[in-house]
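A.B. asks: Handing you this structure, nothing more for now.
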Amino acid sequence: MKETLKITSVLTSVCVICAFFLSFVYNAASEKIELNAKKAINDAIITLAPSAVTINETAIGNSVIYKLLDKKNIFIGYAFIAQGQGYQGKIIILAVTDSAFKAIQGIEIIESVETPGLGAKINESSFKGQFKNLNSAEKFKCVQSASENHSQIQAITGATVSSRAVVNILNTRIEELKKLLNLNK
Amino acid sequence: MKEIVKGLWKEHPVFRQLLGMCPTLAVTTSAINGVSMGLAVVFVLIFSSTAVSLIKKIVPPQVRIAVYTIIIAAFVTIVDIFFKAYFPQISKALGPYLPLIIVNCIILGRCEAFASKHGIFASIRDGLGMGAGFCWGLLLLGSIRELFGAGSIFGLRILPLNYEPMIAMILPAGAFLVLGFLVAGMNKIER
């Protein structure tokens, strides 16, 4: 009995002390972590739409969409987050479209854990750049060798799964947003 | 002094004891990742060794491993939160391997084999030495893999631009290959 009591009390007090310190550390850092996430999104939006000055976060469905305004307060386009499963983990993509939600201005990969040297190439401009000025009316297709057709994306050699994941994540999210924005006419 | 030096060479955690292989092989795709992981381990080792050495007399032997794990987990979480807040890029690159050092056998091993039997200052020196050894091991491994796999070290281009990177070096196979050569080299020197 005495033994049990001792074991329990030592374990409990170690846990309580650790939790106590951790709560302080977390409190001090949580604000900064949130800020980092926001900054990553803002930086990506500015890279894709350099003329955007004001970024208005608007709730849509159960997520958010960003409305971009230039310095004269003219609405210049949308930015949105799309996420889904990649080859090894979650891929989070930020995409910017024009004001009619018709043409993609470009995409940035916010987060991904694809294979270095292969799937990680989705972060390179040679892949991301393919989405520039694409018409979002049609679904994008991931192919081995892209022709002039403007809805085709050339897959990265040796990383078809990652390439296809990016394309599918975007297609799904664009469909979803079109419905939410009532653009499917 | 003896406690610090032994971790750097004679009882090197990676190349001689072959401990902590999971982070060693997984995160050394580049020099910066290797060093960050190494520094995280140095921090956790020093502080958990100190804590374990401090409470070694009051911990009942039946639950000592559980207590060590909780203490290590607390320090690892602190490092994880710190990296997330101040070095988000590195935190992303290290991914799940940073929280995984909770069960890193170097840390648990040093707590069990050394800190629980020695005084505070000896334990701190032991932690520092082992941590520093781990750190240079990962730095070396990361640098070699980045050099051949991407042609650069710390993101700085070293090899000429027309060098075709050996992608295998950045993939898991490269980690095993380089580690094998380094361990072999270490054995050769020691004999």
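The values are calculated or read from the model by the stated rules, or taken from the named source; none is laboratory data. The shown structure was predicted, so the numbers you read here are calculated from the model rather than taken from an experiment. Methodologically, a virtual Cβ is constructed for each residue, glycine included, from the backbone with ideal geometry; neighbour enumeration extends over all protein chains shown. Quick note on the areas: whole protein, heavy atoms, side chains included, nothing else; ligands and nucleic acids left out. Shrake-Rupley method; radii C 1.70, N 1.55, O 1.52, S 1.80 Å.
A.B. asks: Could you pull out every residue, at least 5 positions away or on a different chain, whose amide H is within less than 5 Å of the one on residue A:141? Hs are placed 1.01 Å off N in the peptide plane, and Pro or chain starts have none.
C.D. replies: Correct list: A:152, A:153.
A.B. asks: Can you give the angle from 0 to 90° between the axis of helix A:2-48 and the longest principal axis of chain A, with both taken from C-alpha atoms, to the nearest 10?
C.D. replies: The answer is roughly 20 degrees.
A.B. asks: Where in chain B are the DSSP H helices whose alpha-carbon span along the long axis reaches 30 Å or more and whose Kyte-Doolittle mean is at least -1.0?
C.D. replies: Flagged H segments are B:31-55, B:64-86, B:120-150.
A.B. asks: Let me make sure I get this right: for the stretch B:2-137, a, b and c are the square roots of the gyration tensor eigenvalues over alpha carbons, sorted descending. Under 1.5 in a/c it's rounded, otherwise prolate if a/b > b/c, else oblate. Which is it?
C.D. replies: Because a/c hits 1.5 or more and a/b fails to exceed b/c, the stretch B:2-137 counts as oblate.
A.B. asks: Would you grab the residues whose amide H sits under 5 Å from the one on residue A:76? Only those 5+ places off in sequence or on another chain, please, with H modelled 1.01 Å from N.
C.D. replies: Long-range HN contacts for residue A:76: A:68, A:69, A:70.
A.B. asks: In Å² (nearest 100), what accessible area is buried between B and A, both sides summed, heavy protein atoms only, 1.4 Å probe?
C.D. replies: Numbers: alone 9760 and 11610 Å², together 19460 Å².
Summing both sides, the interface buries roughly 1900 Å².
A.B. asks: Mind pulling the angle between the C-alpha long axis of helix A:160-180 and the longest principal axis of chain A? Nearest 10 degrees, somewhere in 0 to 90.
C.D. replies: 80 degrees
A.B. asks: For the stretch A:167-183 and the stretch B:21-67, what is the separation of their Cα centres, given in Å?
C.D. replies: 45 Å
A.B. asks: Rounded to the nearest 0.05, what FRET efficiency is calculated for residue A:54 and residue B:191 with R0 set to 56 Å and r the Cβ-Cβ distance? All intermediate terms of the calculation are to be shown ahead of the outcome.
C.D. replies: Numbers: r = 69 Å, r/R0 = 1.22.
Result of the calculation: an efficiency of 0.25.
A.B. asks: Which order do B:16, A:164, B:191 take when ranked by solvent-accessible area (1.4 Å probe, heavy atoms of all protein chains), largest first?
C.D. replies: In descending accessible area the options line up as B:191, A:164, B:16.
A.B. asks: Check the stretch B:2-137 and count each lysine pair with an alpha-carbon distance under 22 angstrom, considering only pairs eight or more places apart or from different chains.
C.D. replies: 7
A.B. asks: Rounded to the nearest 0.05, what FRET efficiency do residue B:184 and residue A:74 have when you use their Cβ-Cβ distance and R0 = 51 Å?
C.D. replies: 0.20
A.B. asks: Determine the calculated [θ] at 222 nm for chain A from helices alone, applying -39500 (n - 2.57) to every DSSP H run no shorter than 4 residues and normalising by the residue count; nearest 500 deg cm²/dmol.
C.D. replies: -13500 deg cm²/dmol, from helical runs alone.
A.B. asks: So which lysines pass the test for residue A:139, namely a Cα distance under 23 Å, with those fewer than 8 places away in the same chain ruled out?
C.D. replies: A:67, A:90, A:102, A:121, A:128, A:178, A:179, A:185
A.B. asks: Would you compute, from DSSP H runs of 4+ residues alone, the mean residue ellipticity of chain B at 222 nm, taking -39500 (n - 2.57) per run and dividing by the full residue count, rounded to the nearest 500? Please list the in-between numbers first.
C.D. replies: Values: 9 runs with 129 residues, N = 191.
For chain B, the value works out to -22000 deg cm²/dmol.
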